[in-house]
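*Asks:* What follows is a single structure, and I will ask about it in a moment.
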Amino acid sequence: MKQYIKAVGTGKLGSRSLSYDEAVAAAHAIARGESTDAQTAAFLMAMRMKGEADEEMMGFIDVFRKYSLPYRSFSHSLNCAGPYDGRHYFPVTIPVSLLLASVGFSQVLHGSVALPPKLGQSVKELLEGLGVQVELEAKLWEKIFVSLHIGFIWTDLICPPFGRVRHVREQIGLRTFLNTVEKMINPVHSLNMVIGVNHKTAMEHLIHLLPKTGFETAYIVQGMEGSEDLPLHKNSSIRKVTPWGDESSTIDPSTFGFRGAPLEKCTKEVQLELLNRVISGDDSEEVQNERDHVIFNAGLRLYWFDKVGSYEEGFQLAASLLQRREALKLLNRWIEMSRPGDAQTRLQANA
């Protein structure tokens with residue numbers, strides 16, 4: 001690893017980007033555990049200071065994909081990539097994904113235990129709090145996904161190198177380029193993606209990266225906390241990326257009659273309470289803001305990925321599904337089918 005650390009970490013005048021082949025070699029060294037913790041930390045920090053080049057990112061993405069467990073291909077699914085350092089606000093993407101899955105639009109959520117610097121609530125921890133078992137063997141995961149059109153991929157479990165370097169990333173305490181690599185693993189080969197970023201610089205970087213990683217239609221959004229969830233109180237920048245180019249646009253919620261307030265920071269317990277209430281179809285004023293955020297974001301994704309003919313149709317469908325408690329029905333089935341033992345017996349009976 002020393003030669004790669006020297007290449008990227010010599011300083012402002014001496015540093016250079018690695019070639020694709022060099023990045024592949026460095027990625028293998030980290031993935032196999034041949035790089036010491038000190039070397040891995042030095043490399044990650046040097047890359048953060050230098051800035052990552054596309055060839056470097058692709059080298060790591062390609063290598064870490066090779067170390068991932070094999071899954072069946074579900075190419076028409078939507079890969080939902082949120083912040084790996086967690087959320088401090090109501091996790092809109094969870095009920096949105098349940099609503100979309102309830103009408104047959106397959107949804108892939110992924111992540112792990114939240115990382116620094118934010119150390120918010122991860123999707124993994126919140127799903128577990130709702131009662132979903134996320135530690136599943138690949139075959140069982142696939143059977144549940146085929147039946148319910150929704151699944152959560154625990155990155156540390158399906159790609160062991162991430163588990164191996166987790167403690168290094170925790171001790172560094174800063175975001176590194178591995179956060180982006182982690183979002184791009186895509187073990188079920190989704191062609192569709194919605195991914196959140198914190199700033200436009202990251203958006204510009206992803207425009208060149210996404211087509212190379214196999215995604216055919218991707219929406220990059222400047223969502224809340226760098227998530228894929230758009231707020232109601234202000235406009236949001238959007239970039240649609242395809243192999244044929246990209247389009248930029250701005251989404252103004254007021255155009256569609258949405259005028260919500262900013263979501264408030266809340267603890268894990270409050271997030272789970274709000275999730276249960278919204279998913280259960282609670283139409284009280286107390287959770288109207290959270291409910292409207294869900295309807296808005298679900299409608300956007302339904303239209304973006306050609307499941308409805310207009311934004312308005314998407315919002316109407318999302319509101320109807322929520323009112324009919326389709327998200328709750330699906331969540332309850334997910335909880336039941338993911339239970340060890342009971343899930344396997346049920347799936348064999350239905351096979």
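*Asks:* Looking only at segment 123-178, which residues are aliphatic (A, V, I, L, M), in a helix (DSSP H, G or I) and closer than 26 Å to ASP54 by Cβ?
*Replies:* ILE158, VAL165, VAL168, ILE172, LEU178
*Asks:* For residues that are assigned to a helix (DSSP H, G or I) and modelled with pLDDT under 95, scanning just segment 50-97, find the one that is nearest to SER147 (Cα to Cα).
*Replies:* Out of the qualifying residues, it is ASP54.
Let's see how each residue does on (1) under 14 Å from THR180 (Cα atoms); (2) in contact (Cβ under 8 Å) with a residue 40 or more places away in the chain; (3) out of contact with any His (no Cβ under 8 Å at 6 or more places or on another chain):
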{"residue": "MET49", "(1), (2), (3)": "no, yes, yes"}
{"residue": "GLU55", "(1), (2), (3)": "yes, no, yes"}
{"residue": "MET58", "(1), (2), (3)": "yes, yes, yes"}
{"residue": "PRO70", "(1), (2), (3)": "no, yes, yes"}
{"residue": "PHE105", "(1), (2), (3)": "no, yes, no"}
{"residue": "GLY111", "(1), (2), (3)": "yes, yes, yes"}
{"residue": "GLU142", "(1), (2), (3)": "no, yes, yes"}
{"residue": "SER147", "(1), (2), (3)": "no, yes, yes"}
{"residue": "ILE150", "(1), (2), (3)": "no, yes, yes"}
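*Asks:* Among the residues that make up segment 190-203, is at least one of them in a helix (DSSP H, G or I), in contact (Cβ under 8 Å) with a residue 40 or more places away in the chain and surrounded by fewer than 22 Cβ atoms within 10 Å (Cβ to Cβ)?
*Replies:* Within segment 190-203, not a single residue is in a helix (DSSP H, G or I), in contact (Cβ under 8 Å) with a residue 40 or more places away in the chain and surrounded by fewer than 22 Cβ atoms within 10 Å (Cβ to Cβ).
*Asks:* Still on this structure, please answer the following. Of the numbered conditions (1) surrounded by fewer than 22 Cβ atoms within 10 Å (Cβ to Cβ); (2) part of a strand (DSSP E or B), VAL241 satisfies every one except a single condition; which is it?
*Replies:* It fails just one condition, (1).
*Asks:* Which number in (1) at pLDDT 95 or above; (2) surrounded by fewer than 18 Cβ atoms within 10 Å (Cβ to Cβ) marks the one condition that LEU330 misses?
*Replies:* Result: LEU330 fails condition (2) only.
*Asks:* Continuing with this model, one more query. Out of GLY111, GLY120, GLY59, I need the residue that is under 24 Å from VAL24 (Cα atoms), assigned by TED's automatic domain parsing to the domain that holds PRO161 and either surrounded by 16 or more Cβ atoms within 10 Å (Cβ to Cβ) or touching a strand residue (DSSP E or B) at 6+ places or on another chain (Cβ under 8 Å) (or both). Which one?
*Replies:* The unique qualifying residue is GLY111.
*Asks:* Of THR36, THR40, which residue is over 22 Å from the mean Cα position of the chain (by Cα), on the phi < 0 side of the Ramachandran plot, surrounded by fewer than 16 Cβ atoms within 10 Å (Cβ to Cβ) and not small (Gly, Ala, Ser)?
*Replies:* THR36
The values are calculated or read from the model by the stated rules, or taken from the named source; none is laboratory data. Fair warning: this is a prediction, and the values are worked out from it, not measured in the lab. Neighbour counts are summed over all protein chains in view; Cβ atoms, including those assigned to glycine, are modelled from backbone coordinates with ideal geometry.
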